[in-house]
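These notes concern the structure reproduced below.
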Amino acid sequence: MTDTKKDILVLGIESSCDETAAAVVKNGREVLSNVISSQIALHTQFGGVVPELASRKHIEKIDQVITEALAQAGVTLEQIDVIGVTSGPGLVGALLVGVAEGKALAWAARKPLVGVHHIEGHVCANFIAHPDLEPPFLCLIVSGGHTHLVRMKDYGEFEIIGRARDDAAGEAFDKVARSIGLGYPGGPKVDRAARDGDPHAYEFPRADVEGAPYDFSFSGVKSAVLNELNRLRMQGEEPVTADVAASFQKAVVDVLVDKTMAAARDLGEKKVALAGGVAANSALRAAMQEACDRTGVTCYYPPLILCTDNAAMIASAGYYEWCKGRTSGWDLNAIPNLALGKKVGETGGRKQG
Ligand code: KG4
Ligand code: ZN
């Protein structure tokens, strides 16, 4: 008989973009350690993430970060049951560092390896933050590269309800931040600047996608901001940064909240979760909470540290994938444009090692 009561420790590894991270999570929900080495200082001088530099920095840091994650959790690699690693989507060179490391550790320590979809990891941050949260629920995933509205039907089972047709929400934040001189990383800087601004100072568009009520388009609002800045500058006026930030942010948040709440209403969902880096946005959290409270829906979002990239969320997703019997083979590869809902490197029961 299998020992179903045994605690399962997952070592999570994340290196898809500009954070080198490792974490140990028990039974998918309890964080024993969560170590993040941020590359913000490195990329700031270039105004954005430089992929080649990101890869090199991951190589430099990854061993140290994993050693620290194990030490903080008070466990050895031998005591780890499963290794979960982000294998896509993300920057290919950056992903490869984590994937190679995960494979090497799993091989050496004879542990099962689970390739994790980064976006599924973001959703799982909510399982860590809310022990009572169980699928099904509606989840708005808003990160630097993705804007998805999904119905999480079960652990690891997504139904995509809506998606961005052009720029992801985080991408729009980053581009607007650059255009108003706030620089990288854009989202948090716009969030901060917007606190002192008037969200009604400028009227920026809220785009709908014809025939797809839950799809998003943020390139229009981004262009509208750029056009307004050009118009003002041509008239010799300096735009008020805080007002532009607040008005832009409100336009994006209004659309995210309206579409999510429309989907919740139409699908009869009583639970809504936020996930991804943009879920750290204070205006989005407040507006979604308020809309949910008004309509009797329970709103969930992770604490800030679990919204942006981290390995605890990857360990959690790795745990639920492993519970479903989905492990990866030694041929696990980094897939930069891995689609959501596509299972990564599944062995279909093939034995490793
Ligand atoms: O999930 P994440 O850390 O990395 C990706 O998987 O992309 O998301 C990063 C994105 C960036 O675009 C960043 O500007 C945005 O999340 N972000 C924010 C905030 N914090 C991070 N956007 C708006 N407000 C924030 N407070
Ligand atoms: Zn992310």
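The values are calculated or read from the model by the stated rules, or taken from the named source; none is laboratory data. Since we're looking at a predicted model, the values are computed, not measured. Cβ: placed from backbone, ideal geometry, glycine included. Neighbour counts: every protein chain shown. Just the protein is used for accessible areas: all its heavy atoms, side chains included, with ligands, DNA and RNA removed. Shrake-Rupley method; radii C 1.70, N 1.55, O 1.52, S 1.80 Å.
Of D266, D258, D166, which is the most mobile in a GNM of the chain whose springs link Cα atoms less than 10 angstrom apart?
Highest fluctuation of the listed residues: D266.
Report the residue, chosen from G74, G156, G220, that carries the largest GNM mean-square fluctuation when the chain is represented by alpha-carbon nodes joined by springs under 10 Å.
So, out of G74, G156, G220, the one fluctuating most is G74.
Can you tell me how much longer the chain between R178 and R195 gets when fully stretched, taken as 0.36 nm per residue apart minus their C-alpha distance, in nm with one decimal?
Gain on extension, R178 to R195, equals 4.3 nm.
Contour minus end-to-end for E157 and K324, with contour as 0.36 nm per residue of separation and end-to-end as the Cα-Cα distance?
Stretched fully, the E157-K324 segment lengthens by 59.1 nm.
So how do 122-129, 44-51, 241-248 stack up, highest first, on mean other-Cβ count within 10 Å?
Highest mean packing first, the order is 122-129, 241-248, 44-51.
So for the pair Q64, E290, with labels modelled 7 Å out along Cα→Cβ, what separation do we get in nm?
Modelled inter-label distance: 4.4 nm.
Taking a spot 7 Å from the Cα of I8 along the direction of its beta carbon, which residues of segment 286-319 have an amide N less than 19 Å from it?
Zone members listed by number: 311-319.
Taking Cα atoms of the chain, Rg/Rh with Kirkwood Rh, to two decimals?
0.99
Figure the gain on full extension for N227 and F46 (residue separation times 0.36 nm, minus the Cα-Cα span) and round it to one decimal in nm.
62.7 nm
Mean 1/r over all different Cα pairs, inverted: what Kirkwood radius does segment 1-146 give, in Å?
Across segment 1-146, the inverse of the average 1/r is 15.9 Å.
Dimensions of segment 134-303 along principal axes (Cα, Å, largest first)?
54, 32, 27
Over segment 211-353, what is the mean sequence separation of C-alpha contacts under 8 Å (at least six apart), divided by residue count, expressed as relative contact order in percent?
In percent, rounded to a whole number, it is 16.
Suppose R0 equals 45 Å; then what is the FRET efficiency for E237 and H130 from their Cβ-Cβ distance, rounded to the nearest 0.05?
E between E237 and H130, to the nearest 0.05, is 0.45.
Placing unit charges on C-beta atoms (Lys and Arg positive, Asp and Glu negative, everything else neutral), compute the dipole magnitude of segment 162-277 about its Cα centre in debye, rounded to 20.
320
Which of L304, L182, L267 moves most in a GNM of the chain, Cα contacts under 10 Å?
Its mean-square fluctuation being the largest, the pick is L267.
Residue by residue, what Karplus-based ³J(HN,Hα) values in Hz, rounded to whole numbers, does segment 87-103 have, using 6.51, -1.76 and 1.60 with θ = phi - 60° and x for Gly and Pro?
10, x, x, x, 7, 4, x, 5, 4, 4, 5, x, 5, 5, 5, x, 5
What share of Cα pairs, in percent, lie more than 20 angstrom apart in segment 80-180?
For segment 80-180, the fraction of Cα-Cα distances above 20 Å is 52 percent.
Only Cα pairs under 8 Å and at least 6 apart count here; give the relative contact order of the chain as a rounded whole percent.
Relative contact order of the chain: 24 percent.
What does the charge dipole of the chain about its Cα centre add up to, to the nearest 20 debye, if the Cβ of each Lys and Arg holds +1 and the Cβ of each Asp and Glu holds -1?
Dipole of the chain, to the nearest 20 debye: 640 debye.
If I take all pairs of Cα atoms in segment 224-322, what percentage of them are more than 23 Å from each other?
So the pairs more than 23 Å apart make up 45 percent of the total in segment 224-322.
For the chain, list the cysteines whose Cβ sits under 4.7 Å from no other cysteine Cβ?
C17, C124, C139, C307, C323
Can you tell me the accessible area per residue over the chain, all protein chains present, probe 1.4 angstrom, in square angstrom?
Here the per-residue accessible area is 42 Å².
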